[in-house]
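Note sheet for the following structure.
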Amino acid sequence: MPGLNSTLHLDMLKRSRWKRRLLPRLLLAIKRELSAGEGIYGLEWGDPEVLEPLKFIRDRYVIPYVNAKHYAVEIGVGGGRWTRYMLGFNKLYAVDYHQELLDELKKNFNKPNMEFIKNNGTDFPKIQDCSIDYLFSFGTFVHLDTPLIKAYLNNMKRILKSGANVVIHYSDKTKIMAQTGYLKDGFSQNTPDKMRQMVLDADYKILEEDLTTMWHSSIIRFTI
Ligand SMILES: C[S@@+](CC[C@H](N)C(=O)[O-])C[C@H]1O[C@@H](n2cnc3c(N)ncnc32)[C@H](O)[C@@H]1O
């Protein structure tokens, strides 16, 4: 802990005074507007370039796994808020239940190494057995009910390579924000205990659980 002679608090005040001056605020606003101007649907829920918890998720659960030799899947792509960090995979399968959302993603990100797959809500058509090194889903399982989550967990076994990393963001109803307001009905009835059990019942090995970064949801990383 800093002692009483520490300049910590006065330094913080000095930095804050600088940031609150017009020029730095204008620069920040320009940066924010420029990134919004990329037109990515979903940034209104939080931009992983700007919002600290999402930056943390990007830097801990996405970027370290991107590998030019690996194959990856994203489930529930939206406008590509997270897809944009996964373009460095050898192959990226963008899987979504809604063709409209795949079309929206294509407007922003349509790279030769991407394949757009419209599924039936829990399956992986056109993806080969045992081919996937990394599977990521954010902002999608938070809305899925138990039977759909169980079906996805079973169906993804077919496409995963042994040792693959699966990162799933899910609704956490132990958190007060998931119990109230617009998330009360919008987020599914899930908890870390329930999710952990579903993952174990589907014969996966849990590698990591993050119950603290998000304020209304949690993250689980597991392998097969
Ligand atoms: C709230 S958006 C999140 C998009 C993006 N991952 C993000 O965080 O910005 C949910 C996405 O999941 C898709 N979706 C909903 N149910 C799905 C399902 N059962 N399987 C695959 N995608 C689904 C929606 O079409 C939409 O693209």
### Message
I want to check the label-to-label distance for E52 and H143. Put each point 7 Å from Cα in the C-beta direction and report it in nm to one decimal.
### Response
2.9 nm
### Query
Once you sort the root eigenvalues of the Cα gyration tensor of the stretch 100-144 as a ≥ b ≥ c, which label holds: rounded (a/c under 1.5), prolate (a/b larger than b/c) or oblate (the other case)?
oblate
### Query
Hey, in the GNM for the chain with a 10 angstrom Cα cutoff, which one of K31, K111, K19 fluctuates hardest?
K19
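May I ask you to order 67-73, 184-190, 138-144 by the average number of other C-beta atoms within 10 Å around their residues, highest value first?
Values: 67-73: 17.4, 184-190: 14.7, 138-144: 21.3.
Top of the packing list down: 138-144, 67-73, 184-190.
Relative contact order of the chain: what whole-number percent is it, with Cα pairs under 8 angstrom and at least 6 residues apart?
Working: 368 pairs, mean separation 32.3, N = 224.
The normalised contact order for the chain reaches 14 percent.
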## Note on the structure
To the nearest 0.05, the calculated FRET efficiency linking K19 and N67 through their beta-carbon distance, R0 being 35 Å, is 0.40
### Message
When a/c reaches 1.5 or more, the comparison of a/b and b/c decides; with that in mind, is the stretch 1-74 rounded, prolate or oblate per its Cα gyration tensor?
### Response
oblate
### Query
In the stretch 42-69, which residues have a backbone nitrogen under 15 Å from the label point lying 7 Å from K161's Cα in the Cα-to-Cβ direction?
65-69
### Message
Please check: in the Gaussian network model of the chain (C-alpha springs, under 10 Å), which one of I149, I63, I132 has the largest mean-square fluctuation.
### Response
I63
### Summary
Quick calc, K91 & L200: beta-carbon distance into FRET formula, R0 22 Å, rounding 0.05, result 0.15
## Note on the structure
Simple SL model, points at 7 angstrom along Cα→Cβ for T212 and E44; separation in nm is 3.3 nm
#### Entry: Cleavage-rule hits (trypsin sites (Lys or Arg not before Pro)) in the stretch 94-164: DSSP loop, at most 15 neighbouring Cβ within 10 angstrom
K126
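Please report Y85, Y134 as a ranked list, fewest other C-beta atoms within 10 angstrom at the top and most at the bottom. List each step's numbers first, then the result.
On the way: Y85 19, Y134 23.
Fewest-to-most ranking of Y85, Y134: Y85, Y134.
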## Note on the structure
So the angle from the long Cα axis of helix 22-36 to the longest Cα principal axis of the chain, reported in degrees to the nearest 10, equals 10 degrees
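Lys and Arg at +1, Asp and Glu at -1: add these up for the other residues within a Cβ distance under 15 Å of P192 and post the number. Kindly include the intermediate steps, with their values, before the conclusion.
Numbers: positive: K173, K175, K194, R196, R221; negative: D172, D193, D201, E208, E209, D210.
Spelling it out: positives minus negatives among the neighbours equals -1.
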### Query
Per-residue ellipticity at 222 nm for the chain, helices alone: DSSP H runs ≥ 4 residues times -39500 (n - 2.57), over residue total, nearest 500 deg cm²/dmol?
-9500 deg cm²/dmol
### Summary
Taking GluC sites (Glu not before Pro) in a DSSP loop with at most 16 other Cβ atoms within 10 angstrom as exposed, one finds the longest site-free stretch of the chain at 50-224
### Query
If one takes the longest principal axis of the Cα atoms in the chain, at what angle in degrees, from 0 to 90 and to the nearest 10, does the Cα axis of helix 192-201 lie?
30 degrees
#### Entry: the stretch 57-98 versus the stretch 124-157: alpha-carbon centroid distance in Å
13 Å
## Note on the structure
Rounded to the nearest 0.05, FRET efficiency between E115 and I30 (Cβ-Cβ, R0 41 Å) equals 0.70
### Query
With +1 on each Lys and Arg Cβ and -1 on each Asp and Glu Cβ, how big is the dipole of the chain about its Cα centre, in debye rounded to the nearest 20?
860 debye
### Query
Helix 146-159 versus the longest principal axis of the chain: what is the Cα-based angle in degrees, 0 to 90, to the nearest 10?
70 degrees
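Bear in mind these aren't lab numbers, they're just calculated from the coordinates by the rules spelled out. Computed from a prediction, not measured in an experiment: that's the story for all the values here. In this analysis, Cβ positions are derived from the backbone assuming ideal geometry, glycine residues included, and neighbour counts consider all displayed protein chains.
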